[in-house]
Structure formats: structure tokens, C-alpha cells
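K.L.:
Dropping a structure here in C-alpha cells format, bear with me for questions.
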Amino acid sequence: MSETILVVNAGSSSIKFQLFAVESSNRLARRLKGQIDGIGTRPRLVAKDAKGACVVDQSWSTSDVAELPDALNQLVLFLRNYVGRLPVAIGHRVVHGGSGFSAPTVVTSSVVQQLERFIPLAPLHQPNNLAPIRIVLERQPQLLQVACFDTAFHRGHPDVADRYAIPETLYAEGVRRYGFHGLSYEYIAEKLREIAPEIAGGRVVVAHLGSGASMCALAAGKSIESSMGFTALDGLPMGTRPGQLDAGVVLYLMSEKGMSAKETEHFLYHDCGLKGLSGISNDVRELLASSDPRAKLALDVFTYRIALFAGMLTAALGGIDSLVFTAGIGENAPLIRRAVVERLAWLGIELSDEANEKSQTRISPERSRVACYVIPTDEELMIARHTLQILRENHSVEFKEKRA
Ligand code: ADP
């Protein structure tokens, strides 16, 4: 196999990975997509090739793959067997790059130390994102590793978008509106240039609706505003996170319900959102299939708030030329898209029922003043592209020299 780039997205109990072959003219071809999940409980490695055929399905006892380093060992063994050699570089998804990291960055021990400072800003994601980076730095220090940040694409926000109305000292120490899902929005901005160049230079609102959900305002392909802020708790209701919440609710939980900071954190990340509101599920598929009125209420709140945020982002852009849906729900749920667009009719957005039902790329008729699209996102390809770019800019050579 030609040179490969490994993309790693490490979570609390799983490592998702994709392997891309670097073909001629630096074209990236996806070769493998897989994950090791159930680390410490029911560890299992599953991977599929580019055609979707399963190439490995292996389980271990809990004690054999108890922690992340064990899972990484297994992943390396599998890749060695399957591919024959190690990748030329690894691109990592890192949720938080703070205010300093505004572009993909070659990882060194000093970069890891700086990124550790953002753990309190993304307590569920950041430690897990950094763990495999540290392990590879120890074991294969010569291997190029690139950190790609969910926050980086939003670093060009105007000052007014970056602020909360709180004292400046807090802003200076990093309490800012960062915005997340940046790799997804960057991919969509690039894809729009390909499929709708006349729109890509205009005012676009993108709704990334997955188990985490946010929205972004793109002006000529650059992010100028996001529904998410300091952490990935803000903005839209999500699978298990509440989205925008009066800070008074948090005070109430702590002072009246006696919840500690840790308990409140757990509650806000795991027990709210569609799951908390419906009392049924965090999965939109289950809610759509349910006849329980609580499921309908949860979905109504979800689509209502997506429409509210679309209005807010339209105001930030001074108008709207296009609305794009992406991620698990955005790409696959015509009923959700319809409910959102119906609320946005006042902006001049119309849907073509048939195109929406089939989740076609353009789901608005020609006459619609605002064009509406469904564009599958590909954050891993974006990470692989960034990693390849850094590799080709000869950073790997410098990097090897620096470490030698
Ligand atoms: P993440 O990457 O944030 O984990 P995804 O973008 O994969 O999430 O989205 C996952 C969510 O997408 C699921 O929780 C589910 O609610 C929703 N989803 C996936 N397929 C469908 C579908 N066919 N209809 C409605 N919702 C779907």
C-alpha cells in the first residue's frame, strides 16, 4: 500500500480511526474506517474497508484491553498486519485549542503541555484527545503527529462575537466564546466551493446536527459566529446536553438542589438535552418513531431552537443566501429539516418535498430565494488533508531533525 495517514479521534472509552492512502497528486483515498470501543468494559475492534466490507471484528477480555494504551497497542498490531507498515503521520482531533492555536499544529511535548491547560474547558474530551498523542510521542517520537482543533476555524471571529458581557480579566484568562465543530464547518465551506461556487462566497448558515449539535455563520467561507461558546454545552439542545441555559439554572441546581460542581457537570453533559426533555432517548430516530407526546415535545423544542439560532446567525451575517444541513440528524432526518425550514419561511426558504425526502444535495426548488443543501460532513478527511499539508510542507523533516 502507498504511504498512509492515520486519523485518530479518541474518546473516553473508544478510539475511532480512519486510514487514508496518499495517492498520486496528493489525493487522499479512504482505506479503513473503524473503532475500538468498550475499552475497560467490552473491548472490541471493528474496521471496514473502503467498500464497507468488514476486515476485522475482534474482542478481548476486559483485563487484556483495560485502558487506552492497551487499545493503542492492539490498533498498532492490527495496522501492522493489515497495512504492513506504520503511517507516515497521524492527525488527531483535539477539541480545544484555546485562543492560541488557530491552525493545525505539529505536536511536541511542549505543545501537549500547552493543550493540557484547556482540560477544564473541555473536561470530557480534551484528556482523551491528548492521551494517544502522549503515548505515541513516547513510543514513536520520530512519527509526525498533527493536532487539528475543533475551535481553530472560529478563531477569526470578530471581537464582538468572541465576548461575554463579563469583566475583561476573565476574557484575558480565556473565558471566551470559542465555538466548536470547526473541522466540520471548514469541510462544508470547502465542499460548497465545489458544488455551489456561486453560494460559497456568500452568507451561509450551517447546521451541524449530530449527537453534539451547533450552528455556524459563514461569510465568504469564513466563520464569523457560532451557536457554541466557551464549552460545547452552549447553543442548541443536543442528545444529552441542554444547549443555551440561563446561568441562574446552574446556580439553582447548586444552591437549591445541593449538587456539587462535578455532579452538575455530569448532569449537564449526560442527563439533559433530548434525553432529559423526552425522558425517552437521546436518539432522534427513536424519538421520531415514538408516539409518546414527550418525544414530540423534545423534537419541537429542538427544531424551534434551530430556527431561533438560524435567525440569530442571519442577523450576524446581515442576511442569508443559503442554509446547509449536515451530520447524523442533518443528513438523515427529512422531518427535522422540514420542521426547521417551515419556521424559516419568512426568510424566503422553501423546500422541494421530493428532494428533501431523498436527502438530495440541493433540497430547495430553483425559485427559493435562499438555497437549501444537505452536505454530508467529513471531519476525518479534513484532518487528513491538514496532516498531509503539514507533511508536504516539510515539517516532518524539520521535526525529525529537531528531535534527533
Ligand atoms: P456524533 O458524530 O456527534 O456522535 P453523528 O453526526 O453521527 O454524531 O449523529 C448521531 C445522531 O444522528 C444519532 O444520535 C441520531 O440521533 C441521529 N441520526 C442518525 N441517523 C438518523 C436518521 N436516519 N434519522 C434521524 N436521526 C438520525
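Quick note: the coordinates plus some simple rules give every number you see, no bench work behind them. Quantities reported herein were computed from a predicted structural model and do not represent experimental measurements. Note: ideal-geometry Cβ built from the backbone for every residue, glycine included; neighbour counts use all protein chains shown.
K.L.:
Per q in 0.19, 0.22, 0.24 Å⁻¹, report the Debye log10 I(q)/I(0) for the stretch 172-256, using one uniform scatterer on each alpha carbon and no solvent.
P.N.:
Cα-only, vacuum Debye calculation for the stretch 172-256: -0.85, -1.02, -1.12.
K.L.:
Over the Cα atoms, compute the radius of gyration (one decimal) and Dmax (the largest Cα-Cα distance, rounded to a whole number) for the stretch 51-189, in Å.
P.N.:
Cα radius of gyration and Dmax of the stretch 51-189 are 18.0, 56 Å respectively.
K.L.:
OK, next. Looking at the chain, I'd like the Rg to Rh ratio, where Rg is from alpha-carbon atoms and Rh is Kirkwood's inverse mean 1/r.
P.N.:
Working: Rg = 21.5 Å, Rh = 22.3 Å.
Value, to two decimals: 0.96.
K.L.:
When the Cα atoms of the stretch 166-216 are enclosed in a convex hull and the volume is divided per residue, what value in Å³ results?
P.N.:
Values: hull volume 5.8 nm³, N = 51.
It is 114 Å³ per residue.
K.L.:
Separation of the stretch 273-309 and the stretch 232-266 by C-alpha centroid, Å?
P.N.:
Computed from Cα coordinates, the inter-centre distance equals 18 Å.
K.L.:
A further question on this structure: Per residue and in Å³, how big is the convex hull formed by the alpha-carbon atoms of the stretch 177-331? Provide the component values of the computation, followed by the final result.
P.N.:
Working: hull volume 16.8 nm³, N = 155.
About 108 Å³ per residue, rounded to a whole number.
K.L.:
Could you pull the Rg and Dmax for the stretch 1-46, using just the Cα atoms, both in Å?
P.N.:
Looking at the stretch 1-46, its Cα Rg and Dmax stand at 12.9, 43 Å.
K.L.:
Over all distinct Cα pairs, what is the inverse of the mean 1/r for the stretch 241-352, reported as the Kirkwood hydrodynamic radius in Å? Intermediate results must be reported in sequence, preceding the final value.
P.N.:
Values: mean 1/r = 0.0633 Å⁻¹.
The answer is 15.8 Å.
K.L.:
Report the full-extension gain for the segment residue 393 to residue 53: residue separation times 0.36 nm, less the Cα-Cα distance, to one decimal in nm.
P.N.:
Details: separation 340, 0.36 × 340 = 122.40 nm, distance 3.43 nm.
Here the segment from residue 393 to residue 53 would lengthen by 119.0 nm.
K.L.:
Order these by the 10 Å Cβ neighbour count, fewest first: 135, 195, 363, 336.
P.N.:
195, 135, 336, 363
K.L.:
Moving on to the next point. Across 5 Å bins from 0, what is the distribution of all Cα-Cα pair distances for the stretch 77-159, in whole percents?
P.N.:
Using 5 Å bins, I get a P(r) of 3, 15, 24, 23, 15, 10, 6, 3, 1, 0, 0 for the stretch 77-159.
K.L.:
I would also like to ask the following. Give the aspartates and glutamates whose C-alpha is closer than 16 Å to that of residue 222, dropping any in the same chain fewer than 8 places away, or say none.
P.N.:
Within the straight-line limit of under 16 Å, residue 222 reaches these aspartates and glutamates: 150, 159, 162, 186, 190, 194, 198, 321.
K.L.:
Here's something else I'd like to know. Give the relative contact order (percent, whole number) for the chain; include only Cα pairs under 8 Å separated by 6+ residues.
P.N.:
13 percent
K.L.:
Here's something else I'd like to know. Okay, helix-only estimate at 222 nm for the chain: each DSSP H run of n ≥ 4 adds -39500 (n - 2.57), divide by all residues, round to 500 deg cm²/dmol; what do you get?
P.N.:
Numbers: 17 runs with 165 residues, N = 404.
Helix contribution divided over all residues of the chain: -12000 deg cm²/dmol.
K.L.:
How long are the three semi-axes of the equivalent ellipsoid of the stretch 1-114, in whole Å, if each is the root of 5 times an eigenvalue of the C-alpha gyration tensor, listed from largest down? Present the calculation step by step, with values, prior to reporting the outcome.
P.N.:
Details: eigenvalues 112, 91, 27 Å².
After scaling each eigenvalue by five and taking roots: 24, 21, 12 Å.
K.L.:
Take the alpha-carbon centre of the stretch 61-116, take the same for the stretch 325-353, and report the distance between them in whole Å.
P.N.:
For the stretch 61-116 versus the stretch 325-353, the Cα centre distance is 37 Å.
K.L.:
What lysines could a cross-link reach from residue 51, if we take a straight Cα to Cα line under 27 Å and drop same-chain neighbours fewer than 8 places away?
P.N.:
Of all the lysines, those that pass the test against residue 51 - Cα under 27 Å, at least 8 places apart if same chain - are 16, 33, 191, 358.
K.L.:
So, by mean Cβ neighbours within 10 angstrom, what's the order for 324-334, 155-165, 343-353 with the highest one leading?
P.N.:
Numbers: 324-334: 22.0, 155-165: 13.4, 343-353: 15.9.
Put in order of decreasing packing, that is 324-334, 343-353, 155-165.
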